DNA sequence: GCGTGGCGGGAAAGCGCTTTCCGGCGCTGC
DNA sequence: GCAGCGCCGGAAAGCGCTTTCCCGCCACGC
């Protein structure tokens, strides 16, 4: 084992050309190489099974074929959808995706960025939710600066960051429209299962929802915060049930939380939507077949990943670009007239 | 922008030591460095914000801090769970995961492996399902050889491959046990929604299920093949419905397919489990809250990812190791007595 | 006929690290 | 008191590639 790798030098020697020529042929350069030399090199490379050493190329070019992707939890369908979009675009561009997961610890984001910088990643997509944790934020900001100084681009999904390209889903507007739609069904008493208050996404959705209720002249909702996960939704719903507030409609700021909440409600014998209506946010594809079908705000998650990757890959100016994607209210069986 | 990166040389100069010493301090070497020099280097590195150039290290060491992970579709919860396990272990070991997706095209697997080889990835976990496509298989086999020759380790999940470490879920045994359990509920007429016949996983599960039915003295099931996806399950179930076979119980070889199948049945007004029972395989966590709760065979997916990563990261002997993980039959509300 | 340019090939200088090898120094053991 | 050894620091040789620079060659213009 460990038969050493075929190098460019070997190919060049075998083909009877110089290193420079071989390099020019095998890796697009601006310089031309004559037809016959070129063909000879190509053939030799093929015969020898030459595979360029990406580290060496990265070192020589000071830029690698890697693009980073940072998510909280790849298991969460929200992130895996975005990841699918990012990888599709990156792979189409001949780049490899390096996946980093934070496990929802804010400080990991900066660490991962630093690693990515060490690898001279060409670009990185930050899909995590922005927190309001000051220390983590400023450490992250510093890393983002360092990363772009070094020549890499960074794009964020759903979090506007200092001078980075951004894909911004209509969290506020979507939640607001949802609130109005639910009010249109006749509901007057609402509860919101919110995410942790330091997550900006959670806050935006909550704020939008409140605004929508206000639009309809409805009293502010009861708000219960929980983790941004299935279990968080479950716990929040349990808390809601014991709180004796008599809401007729619950908005969970995330489809995944809504799933947990529905489980809790069912467990307690609360019927959906007869006893209580429930809506989520994201429209996770994997969850579309659940019963009752979940009312939600559809976000084109994979597309958002593609857009982010697109932004980060075509160099663009120095200008930070922002692409807004709208959420679309989708009312299904989990919400009924009141 | 593009303020050049701080290099080891700068740190060394600033700290007044040689390159060698700085390298020894900053990146664990066997050689000792005196207390005061060591501390000086560390401090200088910190002040300057030194981050080692991973490409250069990889080149010099001829081995990178990258481990590959190849899946068909990161959006599929089966794969995202495995991915979570792999990344957890890899990140804990200070390595970065590069994620490759095949989009279920068999030939992509070899391509990705080749890219990974170019990057001198230390190891790779192949989580895709093995196909019986001869050409793709032999191309893949060649790449696996090349990869390990070059010093990288490769592990497969659910597909025994030439001399690679493997994590083998009990597909056959699990499906067999499931069949017996369902027979125990009194069912006598079964249908199986199988995956594409060239996928070994699909075939194993089907074979195991048949064996289980045989154990119980039950006639072979009607088999309908479809894609290994939600839509595949939907289509297969539709076909089943039009086929007029009067099965009382359906086994979809995958939870995701089962979800599609349930959607199809519901659409046609078939009640689950009153009119027909249905079971899946995998026990996808995201799908555990669906109604009716899906009977299935539980596989510890994240753990499988962890095991695979563990195998591939601790060097081990030349021996190819195989770890079997058992599936556990979980009967829930989607299957009823007949 | 000779100067001028353009073109394609090759030599060689890096890119930022790791690691081998060498040399100096302070000990130990006789 | 000195040979010998272990220890630690530094010089320098790569690792495999890209790219600059130079050089020879040919076509062309006067």
Count of residues meeting criterion [more than 9 Å from chain A (Cβ to nearest Cβ) and in contact with a helix residue (DSSP H, G or I) (Cβ under 7 Å, 6 or more places away or on another chain)] in segment B:38-69: 9
Among (1) surrounded by fewer than 19 Cβ atoms within 10 Å (Cβ to Cβ); (2) within 26 Å of residue A:80 (Cβ to Cβ) - the single one residue B:100 does not satisfy: (1)
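Kindly provide the set of residues from segment A:296-320 that are part of a loop (DSSP other than H, G, I, E, B) and surrounded by 15 or more Cβ atoms within 10 Å (Cβ to Cβ), ordered by number. Step through it out loud before you land on a result.
At the first step, the residues of segment A:296-320 found to be part of a loop (DSSP other than H, G, I, E, B) are A:299-300, A:314-320.
Hits for segment A:296-320 are A:299, A:300, A:320.
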When restricted to A:174, A:184, A:194, A:217, the only residue farther than 30 Å from residue A:122 by Cα and out of contact with any helix residue (DSSP H, G or I) (no Cβ under 9 Å at 6 or more places or on another chain) is A:184
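Return the residues of segment B:280-295 that are at negative phi and part of a strand (DSSP E or B); say none if nothing qualifies.
First pass over segment B:280-295, keeping only residues at negative phi: B:280-281, B:284-295.
Correct list: B:295 only.
For segment A:72-158, which fully contained helices (runs of 4 or more DSSP H) count at least 3 residues that are touching a helix residue (DSSP H, G or I) at 6+ places or on another chain (Cβ under 8 Å), farther than 23 Å from residue A:256 by Cβ and at the interface with chain B (Cβ under 7 Å from one of its Cβ atoms)?
A:106-118
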Could you please give the count of residues in segment B:30-66 that are surrounded by 14 or more Cβ atoms within 10 Å (Cβ to Cβ), more than 6 Å from DNA strand C (Cβ to nearest atom) and in a loop (DSSP other than H, G, I, E, B)? 7
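Just checking, does segment A:16-29 include any residue being within 16 Å of DNA strand C (Cβ to nearest atom), away from every other protein chain (no Cβ under 14 Å), surrounded by 22 or more Cβ atoms within 10 Å (Cβ to Cβ) and not in a loop (DSSP other than H, G, I, E, B)? Talk me through it step by step, then tell me what you get.
First, the residues of segment A:16-29 that are within 16 Å of DNA strand C (Cβ to nearest atom): A:16-29.
Of the ones still in play, those that are also away from every other protein chain (no Cβ under 14 Å) are A:16-25, A:28-29.
Restricting the remaining residues to those that are surrounded by 22 or more Cβ atoms within 10 Å (Cβ to Cβ) gives A:22, A:25.
In the following step, the residues that additionally are not in a loop (DSSP other than H, G, I, E, B) were identified as A:22, A:25.
Looking for residues that are within 16 Å of DNA strand C (Cβ to nearest atom), away from every other protein chain (no Cβ under 14 Å), surrounded by 22 or more Cβ atoms within 10 Å (Cβ to Cβ) and not in a loop (DSSP other than H, G, I, E, B), one finds at least one in segment A:16-29, hence yes.
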Check segment A:166-180 and report whether any residue there is in a loop (DSSP other than H, G, I, E, B) and surrounded by fewer than 24 Cβ atoms within 10 Å (Cβ to Cβ). yes
Filter segment A:282-309 down to residues that are over 24 Å from residue B:288 (Cα atoms) and more than 13 Å from the chain's Cα centre (by Cα), then give me how many there are. 0
Test: residue B:112 is assigned by TED's automatic domain parsing to the domain that holds residue B:156 and under 12 Å from the mean Cα position of the chain (by Cα): no
Name, by its number, the condition in (1) out of contact with any helix residue (DSSP H, G or I) (no Cβ under 9 Å at 6 or more places or on another chain); (2) assigned to a helix (DSSP H, G or I) that does not hold for residue A:206. (1)
Number of the exception - residue B:212 against (1) touching a strand residue (DSSP E or B) at 6+ places or on another chain (Cβ under 6 Å); (2) part of a helix (DSSP H, G or I); (3) buried (at least 22 other Cβ atoms within 10 Å of the Cβ): (1)
Contact list please: Cβ distance under 6 Å, first residue in segment B:256-278 and more than 10 Å from chain A (Cβ to nearest Cβ) and in contact (Cβ under 8 Å) with a residue 60 or more places away in the chain, second residue part of a helix (DSSP H, G or I) and buried (at least 20 other Cβ atoms within 10 Å of the Cβ), pairs at least six apart or on different chains. B:257/B:232; B:257/B:233
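The values are calculated or read from the model by the stated rules, or taken from the named source; none is laboratory data. None of these values were measured; they are calculated from a predicted model. Counting neighbours? That spans all protein chains shown, and the Cβs are built from the backbone with ideal geometry, glycine included.
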